[in-house]
1. Tell me, which residue of the stretch 85-100 that is open to solvent by less than 80 Å² (accessible area, probe 1.4 Å) and in a loop (DSSP other than H, G, I, E, B) is farthest from R63 (Cα to Cα)?
2. With the checklist (1) aliphatic (A, V, I, L, M); (2) at pLDDT 95 or above; (3) closer than 19 Å to R71 by Cβ in hand, flag the one item A128 doesn't pass.
3. Which number in (1) open to solvent by less than 20 Å² (accessible area, probe 1.4 Å); (2) at positive phi marks the one condition that A74 misses?
4. Please enumerate the residues belonging to the stretch 1-38 that are under 20 Å from T57 (Cα atoms), aliphatic (A, V, I, L, M) and either in a strand (DSSP E or B) or in contact (Cβ under 8 Å) with a residue 40 or more places away in the chain (or both).
5. Any chance the stretch 141-156 includes a residue that's hydrophobic (A, V, I, L, M, F, W, C), open to solvent by 60 Å² or more (accessible area, probe 1.4 Å), part of a helix (DSSP H, G or I) and without any contact (Cβ under 8 Å) to a residue 24 or more places away in the chain?
6. Tell me whether the stretch 167-174 contains one or more residues that are open to solvent by 30 Å² or more (accessible area, probe 1.4 Å), among the hydroxyl-bearing types (S, T, Y) and not in a helix (DSSP H, G or I).
7. Where residues in the stretch 39-55 are open to solvent by less than 50 Å² (accessible area, probe 1.4 Å) and assigned to a helix (DSSP H, G or I), which of them is farthest from A91 (Cα to Cα)?
Amino acid sequence: MPRITAIQETKKGRLALFFDGEFAFSLDEETFAGADLHVDDEIDLCQVEELRRKSDTRRAIDRALDILALRDHAAGELYQKLCRRFDLHSAAAAVARAEELGLLNDADYARRRAAELLRKRKSRREIAADLNAKGIDRDTAAAVLEELFADPEDGTDSPELAAAVALIEKSYAGKLAEGKRPQVMAALARRGFPHAVIHRAVERFLED
């Protein structure tokens, strides 16, 4: 069995373990304290792997908190980022810990994200694709989109129609003025707007 020949504190506040004179890996203080390790202790390979796993999980949790300190994330998006640096178990444990701390709420995140994209004149289809890429599950995304794109009770334009008209005003007014209606309609279709919405948006813009 490997024998611990040295324990040294690192510049990052972790504890580096040396087995039989060679560096093995480092542990966070919490994991190290719980393991009750000392120089000259012999340690079996199963315990070594368990310590590695606990240490990796602790590092993944710390990384998750750093990521969430910068901006909100969906649980799936956070998991995907963590998997770039950590094993699947550690990444999943870190996401679970963030959820326990109340730092993840996919429904709230999806509402904020979808509303932001709508303000940027994105179509419903584009927003749905974005939420899917962020790891939002299908049912949550569908509920958010139904809420966001519900027809106003006051009879004003639907959110998607308003977005299409605003997009025409911002990006395609010149082309319509040049009589390039088919090109404008094709551009809006590529951006995910339905045909009925495109037709009404172009007519509305030309009327105005």
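1. D87
2. (3)
3. Unmet for A74, out of (1) open to solvent by less than 20 Å² (accessible area, probe 1.4 Å); (2) at positive phi: (2).
4. Selection gives L15, A16, L17, A24, L27.
5. no
6. Within the stretch 167-174, not a single residue is open to solvent by 30 Å² or more (accessible area, probe 1.4 Å), among the hydroxyl-bearing types (S, T, Y) and not in a helix (DSSP H, G or I).
7. This residue is V48.
The values are calculated or read from the model by the stated rules, or taken from the named source; none is laboratory data. Everything quoted here is computed from the prediction, not taken from an experiment. Cβ: placed from backbone, ideal geometry, glycine included. Neighbour counts: every protein chain shown. Quick note on the areas: whole protein, heavy atoms, side chains included, nothing else; ligands and nucleic acids left out. Shrake-Rupley method; radii C 1.70, N 1.55, O 1.52, S 1.80 Å.
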